[in-house]
Structures are given as structure tokens and as C-alpha cells.
Amino acid sequence: MPSDAARRTAAIVGAGQAGARTAAALRKKGWQDRILLVGDEVELPYERPPLSKEVLSKHADPLTGCLYPAEWYKEQEVELRTGTRVGSLDVRGRRLHLADGRSEAWDALVLATGARARRLCLPGADLDGILTLRTAADARALRAALRPGAQVVLVGGGFIGLELAASAGACGCRVTLLEARSCLLDRALPRRVADYLADRHRAQGIDLRLGVQLEAFEGDTRVRAVRLADGTRLAADLVVVGVGSQPNVELAATAGLPCDDGVLAGPGCAVAPGVHAVGDCARFADAWSGGRVRLESWENAELAPQAAAAAILGDVRPYGGLPWFWTDQYDLNLQLLGTKVPLEREVLRGDPYSGSFCHFGLAAGRIVTAALVNAGRERRPVKRLIEQGVEVDAERLADPHTPLKQLAKAA
Ligand SMILES: Cc1cc2nc3c(=O)[nH]c(=O)nc-3n(C[C@H](O)[C@H](O)[C@H](O)COP(=O)(O)OP(=O)(O)OC[C@H]3O[C@@H](n4cnc5c(N)ncnc54)[C@H](O)[C@@H]3O)c2cc1C
């Protein structure tokens, strides 16, 4: 390690998945100087996917997704400061100011501030008993409230809302799920797969209502009911709002860094000289689609830190690849490859009623998106087919007896 005087500091703001992975990637790729990792949550950095799944449905520890044990930070000489908020940044002077009044100099800065749950601006939205889910603390509060027999109203039929519906059902709650659009996950899923998901939830006893507009939450100090625009009043012991998230960009924006629904990052996740942004907070120039995207996914929180760490060490490359996302609801594992784009043709492989099937979206004879329902084993060959832009025979693709590997080879 260099002498104290010669040591540079890589400071990482936000000690979530992307922040901790950035620290690890910097060490692994050969950064020998100081690493400072600052996060405002009190826990050691952890992954969030279990929070809406086994933490609620199976009472798993909210820190089941803890990334590294406390000793790891000592061994790797990563100075982890939990429960510490960064209040402001001085980009030109290369300093960060902590909310407790202290400040730190940095040579390289990585913003990994993530996102927060979006809230609804409706009358009664601040009543007790209206929760959101983003953190381990939220998951603990929610778990305590999901009592058998409780009437739970979930607002938002996105991935988190659907996972919550499955988990609340597993806890013995009576669940109503409200979605404003006429179809679930309109922006992410093909209609066929969305309808399949809706059917599964209804079959599990979820009162799923689509195309519903909310008007207000009612109650004295605690929520008692949800009022809809058509006058319907739904009794509620608990409401959970899952209407998406918004990136934590205020720190960057106030410091004069470019932001537009995310901190804007280019090749190597670079935002400005010496500054990088990774994970949910970043909207990056995507090498895969050619556009600018902000991905809220476990995979992006794993991979962007690799690109940023490499860039800090001098290896600047375009970042981005075929997006992959998964969700678990009941015994159903859904994996998505690619993002929703206009399709020329849709191909179903396997029978949805068997509980396992794949849905492919084709454009110009090539697969551009895939939804794999309980068919995770097909992920690798499908990924290869999409990434290589292989032209496929739709009839053979639809035939579950034709191995996908063969389609790749046949091309
Ligand atoms: C309930 C839930 C379930 C999910 N399930 C899936 C799934 O099944 N599959 C999937 O692919 N993805 C899933 N995701 C998405 C995935 O977890 C996120 O994309 C990932 O956590 C993003 O990591 P991040 O480090 O960028 O952000 P975060 O995890 O949000 O971490 C950012 C951290 O920075 C802190 N911070 C912000 N501002 C400051 C500041 N000024 N000073 C100090 N600290 C600050 C925040 O408090 C937070 O701790 C899920 C997310 C949630 C919430």
C-alpha cells in the first residue's frame, strides 16, 4: 500500500448493493489506496430482492442478502461508515460533506445513492398504516403488520406489488391489489404473459382490480379504507403503496452534476472528471440499446460497479448489455431478457397450463425479448440467441422438443 501522504481516496456514496460491489471491484482490480464507503442505512450493505419475497412469506432475516460480513470490510481495508448521510458535494474542490458536519477529500467519487419508493399525493396519504417497501427497516415493519386475516390493500401492480400480493397471501392476509392500467406490468411484459400472471394471482385468491383510479385514503389517524374514483370504498387494515421508485439524484443535482431521471453517465459510468454513477441512481449511455437507460435491477447493481471500478483504474469502456430481471411469486419464477420493444411476431414455447413456458418476441426474424416462466434453465441459450442476433425459425422455436442450443447452432 502507498504511504499515508501519497494515498488517494476513492469515496463511494451509498452503501447498498452497487456501493459495496464498487468497493469490492476496486480492490479486486488493484486499487491499493483508501476506499471510503458511506451509507445512511444502519445495516451492513445488503441485497434487496429477498425483502418482498422470503423475508415476508417465510420470515427470513431481512439481512439474508447481506453482501459481506463485518470482517470483510476490515480485511479489505474498506472504511465503511453506516448510519452516515452525505449532505453535499463540492465537485470542483473534490470534497464531500457529511450531514454530521465532517468532510472528506476524494480523488475518485462514485455515486451509488440508489432510489426510494415513490409516494402518492392523495388525501390521507400520510395516515398510519400506509407503508412502502424499500429497506430492511420497511420489511420489518411490514412483516409485523401482515397478520393472518388482515385486510391488505396493495396499490400498484408492478413487480413489487405482485410479489407483495403473493407474500401477504402466504401470511394469511386477505389481499386486494389495485392497478391503474388495464393490464399488469404494461411497460415490461407482453400482454399474454401479463394476463397469465393476473390469472395466477386471481387463482390464489387475490382480489385483483385493473383500471382502477384511487381518490383518497380514509381514517382518523390510521387508515381504515381506500376510496376509489367510482365511489367504491374498500376496507383496509393496512395499505402498501408499490407505485415504483424515484432515483436519489438530489445530491448530484445540487452539486451541478447532469441529472435527468437519474445521474447521467457515459462510458465507464463516468459523469464528470473523477465522478462516476452506478446502480439504480444512474441513467447511463447503454452500449446494448444505444439509448439512455436507468435500470432498477440486481444485475445492473452487480455489473455497473465493475465498469466504474475499471474506469477509475484507467480502463474506460462502454457499459451495458442485454438486461435481465427476475421475479418470484408463489411457485412461479419469471425471468425477463431484453426490454419491451415493438414486436413483429410473438412465439409461445410450451403450454402455460403446464406451469412452465417461454414467450419470445421477434423482430426481423430474431429474438429480441424473452419471458421465461419456470424455465430458468433456458436462460443461457436464450441469452446467447439474443446477444448473437441469430435468425430463428419460429416453428422450431415454438417446439419444446427442439433444444434451443440447436437453434443457435443451426444458424
Ligand atoms: C423489495 C425489492 C425487491 C427487489 N427484487 C428484485 C428482483 O427480484 N430482481 C431484480 O433484478 N431486482 C430486484 N430489486 C431491485 C434491486 O434490489 C435494486 O436494483 C438494487 O438494490 C439497486 O442497488 P443500488 O445499490 O443501486 O441502490 P440501493 O439498494 O437503493 O442503495 C442505495 C443506498 O444509498 C443510500 N443513500 C442514498 N443517498 C445517500 C446519501 N446522501 N448519503 C448516504 N447514503 C445514501 C440509500 O439509503 C441506500 O442505502 C428489488 C428491489 C426492492 C426494493
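The values are calculated or read from the model by the stated rules, or taken from the named source; none is laboratory data. Please read these numbers as outputs of a predicted model, since none were measured by experiment. Note: ideal-geometry Cβ built from the backbone for every residue, glycine included; neighbour counts use all protein chains shown. Quick note on the areas: whole protein, heavy atoms, side chains included, nothing else; ligands and nucleic acids left out. Shrake-Rupley method; radii C 1.70, N 1.55, O 1.52, S 1.80 Å.
If you go through the range 38-45 one residue at a time, do you hit one that is touching a strand residue (DSSP E or B) at 6+ places or on another chain (Cβ under 6 Å), open to solvent by less than 10 Å² (accessible area, probe 1.4 Å), more than 22 Å from Glu299 (Cβ to Cβ) and modelled with pLDDT of 95 or more?
For the range 38-45, residues touching a strand residue (DSSP E or B) at 6+ places or on another chain (Cβ under 6 Å), open to solvent by less than 10 Å² (accessible area, probe 1.4 Å), more than 22 Å from Glu299 (Cβ to Cβ) and modelled with pLDDT of 95 or more: present.
If you scan the range 312-329, which residues turn out to be buried (at least 18 other Cβ atoms within 10 Å of the Cβ) and among the β-branched types (Val, Ile, Thr)?
Ile312, Thr327, listed by residue number.
Please note which helices (runs of 4 or more DSSP H) are completely contained in the range 7-108 and include at least 3 residues that are near the ligand (Cβ under 8 Å from one of its atoms).
It comes to 17-29.
Under 8 Å by Cβ, and 6 or more places apart or on different chains, what pairs join a residue from the range 75-96 that is assigned by TED's automatic domain parsing to the domain that holds Leu36 with one that is open to solvent by 60 Å² or more (accessible area, probe 1.4 Å) and of a type in the set (A, V, I, L, M, F, W, C)?
Partner pairs satisfying both residue conditions: Glu77/Met1; Thr82/Val42; Gly83/Val42; Thr84/Ala99; Arg85/Ala99; Val86/Ala99; Gly87/Ala99.
Can you find even one residue in the range 349-357 that is at pLDDT 95 or above and basic (Lys, Arg)?
yes
If Ser182 satisfies all but one of (1) within 21 Å of Leu332 (Cα to Cα); (2) in a loop (DSSP other than H, G, I, E, B); (3) among the hydroxyl-bearing types (Ser, Thr, Tyr), what's the number of the condition it fails?
Just one mismatch for Ser182, condition (1).
Identify, by number, the condition in (1) farther than 22 Å from Gly274 by Cβ; (2) within 15 Å of the ligand (Cβ to nearest atom) that Gly114 doesn't meet.
So the condition that Gly114 fails would be (1).
Do we find that Leu234 is under 26 Å from Gly129 (Cβ atoms), crowded, with 18+ Cβ neighbours inside 10 Å and touching a helix residue (DSSP H, G or I) at 6+ places or on another chain (Cβ under 7 Å) in this structure?
For Leu234, the condition - under 26 Å from Gly129 (Cβ atoms), crowded, with 18+ Cβ neighbours inside 10 Å and touching a helix residue (DSSP H, G or I) at 6+ places or on another chain (Cβ under 7 Å) - is not met.
Which one of Val239, Val243 is in contact (Cβ under 8 Å) with a residue 60 or more places away in the chain and over 16 Å from the mean Cα position of the chain (by Cα)?
Checking each option against the conditions leaves just Val239.
Within the range 169-195, can you find the residues that are farther than 27 Å from Arg294 by Cβ and of a type in the set (Ser, Thr, Tyr)?
Matches in the range 169-195: Thr176 only.
Would you mind listing the strands (runs of 3 or more DSSP E) fully within the range 201-318 where at least 1 residues are within 16 Å of the ligand (Cβ to nearest atom)?
Correct list: 238-241, 245-247, 263-265, 270-272, 275-277, 282-285.
Where residues in the range 332-344 are open to solvent by 20 Å² or more (accessible area, probe 1.4 Å) and at pLDDT below 95, which of them is farthest from the ligand (Cβ to nearest atom)?
Looking at residues that are open to solvent by 20 Å² or more (accessible area, probe 1.4 Å) and at pLDDT below 95, I get Glu344.
Which condition breaks for Asp261 when tested against (1) open to solvent by 20 Å² or more (accessible area, probe 1.4 Å); (2) within 27 Å of Leu133 (Cα to Cα); (3) not assigned by TED's automatic domain parsing to the domain that holds Asp40?
The failed condition is (3).
Here is a yes/no grid of residues against (1) over 16 Å from Ala301 (Cβ atoms); (2) among the hydroxyl-bearing types (Ser, Thr, Tyr); (3) out of contact with any Lys or Arg (no Cβ under 9 Å at 6 or more places or on another chain); (4) surrounded by 18 or more Cβ atoms within 10 Å (Cβ to Cβ):
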{"residue": "Gly14", "(1), (2), (3), (4)": "no, no, yes, yes"}
{"residue": "Gln17", "(1), (2), (3), (4)": "no, no, no, yes"}
{"residue": "Ala25", "(1), (2), (3), (4)": "no, no, yes, yes"}
{"residue": "Gly30", "(1), (2), (3), (4)": "yes, no, yes, no"}
{"residue": "Arg85", "(1), (2), (3), (4)": "yes, no, yes, no"}
{"residue": "His97", "(1), (2), (3), (4)": "yes, no, yes, no"}
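Out of Val226, Val193, Val175, which single residue is in contact with a His (Cβ under 7 Å, 6 or more places away or on another chain) and surrounded by 22 or more Cβ atoms within 10 Å (Cβ to Cβ)?
Checking each option against the conditions leaves just Val193.
Among the numbered criteria (1) touching a Leu at 6+ places or on another chain (Cβ under 9 Å); (2) crowded, with 23+ Cβ neighbours inside 10 Å; (3) farther than 21 Å from Thr254 by Cα, which one does Glu79 miss?
Going through the list (1) touching a Leu at 6+ places or on another chain (Cβ under 9 Å); (2) crowded, with 23+ Cβ neighbours inside 10 Å; (3) farther than 21 Å from Thr254 by Cα, Glu79 breaks only (2).
Please verify whether the range 144-152 includes one or more residues that are touching a Gly at 6+ places or on another chain (Cβ under 7 Å) and either within 16 Å of the ligand (Cβ to nearest atom) or assigned to a helix (DSSP H, G or I) (or both).
Within the range 144-152, not a single residue is touching a Gly at 6+ places or on another chain (Cβ under 7 Å) and either within 16 Å of the ligand (Cβ to nearest atom) or assigned to a helix (DSSP H, G or I) (or both).
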